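What follows is a short report on a single structure.
Just so it is clear, none of the values below were taken in a lab; they were calculated from the coordinates. Predicted model only: the values in this text are computed from it and were never measured. Methodologically, a virtual Cβ is constructed for each residue, glycine included, from the backbone with ideal geometry; neighbour enumeration extends over all protein chains shown.
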Amino acid sequence: MPLDIQKSLQTIKDFKSLKIPAFADGNQDTFDYMVCNLYHRVCQAIKSFVILFENERYYDSFIIAGHCLEICAILSYIKDAPTSETCRKRYNKYLASSVFGRLKYNLELRDNLKTESSWNAVKSLLDIFKTVDTSIIKYNKNSEEAIKQLSKREGLNRDKIRVLNEYYSKVKVREYINAFIKSTSSFGGEEFNRFYEKYCNIKHGNMMTPGASFEHNPFDCFAEDGIMLILGIMYYLKDFKF
């Protein structure tokens, strides 16, 4: 039976997200904050999808749907682990991987840490990173030695980046996606895999290059898949609880 695009779009527009709890006094668990933050990001991506789709930006709306899938996969990776201990381990790996990326980005901005702004940014990130860095340390590598080298203000940033790459291995997005596919196997995990591979193919390709895409009609190529992907994510979220 063909998909009713307009009816499905209305279903997406009618989606009601959960109210995000307030984190006002600073005493809440950062794990709970991260889960709420990821959930909020998924819901905001769904809203962005609707805006783009209604403006006939089908290619862009599909990209947003794929981005929504990535965030939802991280959320599921952290929250849907079989035990609370595994949830914590996965949370630590995600946090360490996220801070790893920010550290690397900040170090790439300048040649060294002579300015106060660059040093303060890296130092603040290291304060977080060293609490969870062992969760992504490579086999036979020493976490204390890595943190010691990264904490030195003197020296070149490229050497610190080398230490990051030599000592640590951040979680790849595919690990999050695979975990999500497994947890949603009862209602279309393999379809999520197909959507993700299509999303990666177009995200990493230059669509402005002649011949980069052989899909001539953006509505036929992206509209239905985008709708189906968002509906699948909404199905996952329907029983979600903080």
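Figures for the structure shown
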quantity	calculated
Residues residue 190 and residue 112, FRET efficiency given R0 of 45 Å [Cβ-Cβ distance, rounded to 0.05]	0.40
For residue 168, residues with placed amide H under 5 Å, excluding near neighbours	138
In sequence order, calculated HN-Hα J values of the stretch 96-108 (Karplus, 6.51, -1.76, 1.60; Hz; x Gly/Pro)	4, 5, 5, 5, 3, x, 6, 4, 4, 4, 5, 5, 6
Phi to ³J(HN,Hα) by Karplus 6.51 cos²θ - 1.76 cosθ + 1.60 over the stretch 5-12, Hz, x for Gly, Pro	4, 5, 5, 5, 4, 5, 4, 5
Size of electric dipole in the stretch 81-166: Cβ of Lys, Arg +1 and of Asp, Glu -1, about Cα centre, debye, nearest 20	140
Gaussian network model of the chain, Cα within-10 Å springs - most flexible of 110, 90, 174	110
Whole-Hz ³J(HN,Hα) from phi, Karplus 6.51 cos²θ - 1.76 cosθ + 1.60, for the stretch 230-236, glycine and proline x	5, 4, x, 5, 5, 4, 5
